[in-house]
Structure formats: C-alpha cells, structure tokens
Amino acid sequence: RYWRAFVRPLKDDDVRELVVMLRDETDAKRTERMRADFLANASHELRTPLASLAGFVETLRTHAKDDAAARDKFLAIMAEQAGRMTRLIGDLLSLSRIELNEHVPPSGVVDLAQTVQDVVDGTRPLTAERGVTVEVETGEGPFTVTGDRDQLVQVIQNLLDNALKYSPDGKAVRVRIERAATLEAARAASGREGWVALSLLSPDASPQQAAGQAFVAVRVTDEGRGMARQHLPRLSERFYRVEGQKSGGTGLGLAIVKHIVNRHRGGVLVESAEGQGTTFSAYLPAA
Ligand code: ADP
C-alpha cells in the first residue's frame, strides 16, 4: 500500500508533541499508474503504424521512385496502416465517451432481437465473401431491455466482429438471444464440458441484482481457435491481445464492450476451449 504522512507540531512553537496523520493513497496511485500506462500504450500503438507510414514515404521518394510494381504494393500497405490508425483513434474516442457517462444509467427501450438482426444484416457482404454463415436463433421473448441503442449496437457489433475475425473461412457463427430469469441462472445454463467460463466484469462492478430482475442474453458463439485459460481474465484490458493472433484489431473492442455493459448494469461472460471455439455472452437487464 502507499501511505502519505503529514507531520506537524501540536503547538506552533512546541516540537515535543507532534501530530502525525497518515493517508492511504493506494487507490489514487493505482489510478494514476493506470492512466500513465494507458497513455504510454496508446502512444505506442499509434506510433507503430505511423513509423511504418513514414518509412514507406521515404522508400517511395527514393528507392521505389521508378518501380511501378513496388509503388502499388507499398501504397496498399500504407492505406492499410492509415486505416489502422483511423480505427484506433475511433475506438479511443468511443472509449473516452463511454467512460464519461458510465455512471449515468441509460433510459431508452431497446428491442434486442431487432437490434441483433440489424447488426447481422450489416455483416452480410463480409460473411458472403468469406463463406461464413451467421445464424440467428431466438428463444422465447420479449427481448426488450432498458438501454442505449447505439451503445448496444456497438456491443453486438464488437462481439460479432471478433467471432468472424477469429473464425476460419467456411465456419458458422451463431448468435442466440434468450431470456434468463437471473444472472446466475444464465451463467449456470451455459456450462459446457472442457470449456472455461469467466466473467469479464470485475466483481465490484457486477450488477447489484434487484430481486426478480430478469435478463436478456445475447450469446455469440464461434468455431474458431478459442483461447487458453490464462488469457480469459485479461481480455477486457485495453490493448490486450492473445499472442500469435494477427488480426489488425485495435485491442480495444472488448474494453468497450465491458464499459458499455457495465453502464447498463449487466454482465459479460466468456467461455472458451482451445481449438474448439468461444462464446461471448452479454446479459442486459430486461425492461
Ligand atoms: P481486437 O481488436 O484485437 O480484436 P478485442 O478487445 O476485441 O481486440 O479482443 C482482444 C483479444 O481477445 C483479441 O486480440 C483476440 O486475441 C482475443 N479474442 C477476442 N475475441 C475472440 C474470439 N471470438 N476468438 C478467439 N480470440 C478472441
């Protein structure tokens, strides 16, 4: 722990008696440290594509000046790097906006079944190109939740993007929408042999569940490579990525999911088995 001590004489001119005050500043220090780490990581993440861009500009001005084939290839890489920076900045802005109003409960009414369908429809061009099928299964409704529609679109979009990104071509992704009587019931219902399940929200951020509060769950399952147990607790850290997975992602998608679901006083569960697949479930309080 980190303590700050304040020492002062009891009376102005008498140093035989001292008052010592101790203040526990561990939490403040930790927050400060997290901020500093975040800034360092964000700068590093932005500098990598920028350095690559600068390098290619230099090459195009010198060695590759008269080589048309090399020029095309380098320009394609530069466009990709510029896209990466745009995505990173977009996600960083999203994250700071979400954090700003994280303590303000959302007030809209959102039909999650319709929202899931809209997001899935939006991915059709990509899935058709890659031969991946996205199946939507709907249990027994109603699926209305109290929430912020744009943010819930972002949650579903990020989970679906990951399922598609980390699945091989030709595999199926399933999105299931169901009601759960309680958060615990929802978690218990999802156990699969050999799979490890873990909540992505820290215990102190877990919803204080009002008696009788039902949940609507959106569960996104892929048949991709899955993840080893040790990665699961760290997935929602900013910029955390499982090694050896080159995806062009920003490493911020699940941090965004976590903060939005937190604001909605819901839960996020990840279940995974290496080589078999992954299910991410977002639980949101039913309206
Ligand atoms: P990214 O932009 O890198 O996808 P995320 O925060 O969305 O960032 O995810 C963090 C990491 O978690 C990813 O880099 C990937 O290693 C892992 N991951 C997320 N979803 C899946 C999934 N469906 N299957 C396997 N690994 C996943």
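Points worth noting:
- For the stretch 90-134, filtered to residues that are within 20 Å of residue 164 (Cβ to Cβ) and among the acidic types (Asp, Glu), the residue that is modelled with the lowest pLDDT is 129.
- Residues of the stretch 223-254 satisfying the condition of being surrounded by 21 or more Cβ atoms within 10 Å (Cβ to Cβ) and either touching a His at 6+ places or on another chain (Cβ under 7 Å) or modelled with pLDDT of 95 or more (or both): 252, 253, 254
- Filtering the stretch 100-117 to residues that are part of a helix (DSSP H, G or I) and exposed (fewer than 14 other Cβ atoms within 10 Å of the Cβ) leaves 100, 114.
- Subset of the stretch 232-258 [assigned to a helix (DSSP H, G or I) and free of Cβ contacts under 8 Å to residues at least 24 places away in the same chain]: 234
- Residue in the stretch 152-175 that is closer than 15 Å to residue 287 by Cβ and in contact (Cβ under 8 Å) with a residue 40 or more places away in the chain present: yes
- Of all residues in the stretch 216-242, exactly one satisfies the criterion of being near the ligand (Cβ under 8 Å from one of its atoms) and of a type in the set (Asp, Glu), namely 222.
- Scan the stretch 253-279 for residues that are under 19 Å from residue 151 (Cβ atoms), within 7 Å of the ligand (Cβ to nearest atom) and either in contact with a Ser or Thr (Cβ under 8 Å, 6 or more places away or on another chain) or of a type in the set (Lys, Arg) (or both) and the total you get is 2.
- Being surrounded by 13 or more Cβ atoms within 10 Å (Cβ to Cβ), of a type outside the set (Gly, Ala, Ser) and assigned to a helix (DSSP H, G or I) holds for only one residue in 93, 46, and it is 46.
- Restricting the stretch 158-175 to residues that are over 18 Å from the mean Cα position of the chain (by Cα) and among the aliphatic types (A, V, I, L, M), the residue that is nearest to residue 253 (Cα to Cα): 173
- Residues that are farther than 21 Å from residue 113 by Cβ and more than 15 Å from the ligand (Cβ to nearest atom), drawn from the stretch 152-180: 170
- Selected residue [surrounded by 13 or more Cβ atoms within 10 Å (Cβ to Cβ) and aliphatic (A, V, I, L, M)] from 39, 53, 18: 53
- Flag for residue 91 being charged (D, E, K, R) and in contact (Cβ under 8 Å) with a residue 24 or more places away in the chain: yes
- The residue that is farthest from the chain's Cα centre (by Cα), among those in the stretch 109-130 that are among the acidic types (Asp, Glu) and within 22 Å of residue 287 (Cβ to Cβ), is 111.
- Residue 86 vs. criteria at pLDDT 90 or above and closer than 25 Å to residue 162 by Cα: yes
The values are calculated or read from the model by the stated rules, or taken from the named source; none is laboratory data. For clarity, every value in this text was computed on a predicted model and none was experimentally measured. Cβ: placed from backbone, ideal geometry, glycine included. Neighbour counts: every protein chain shown.
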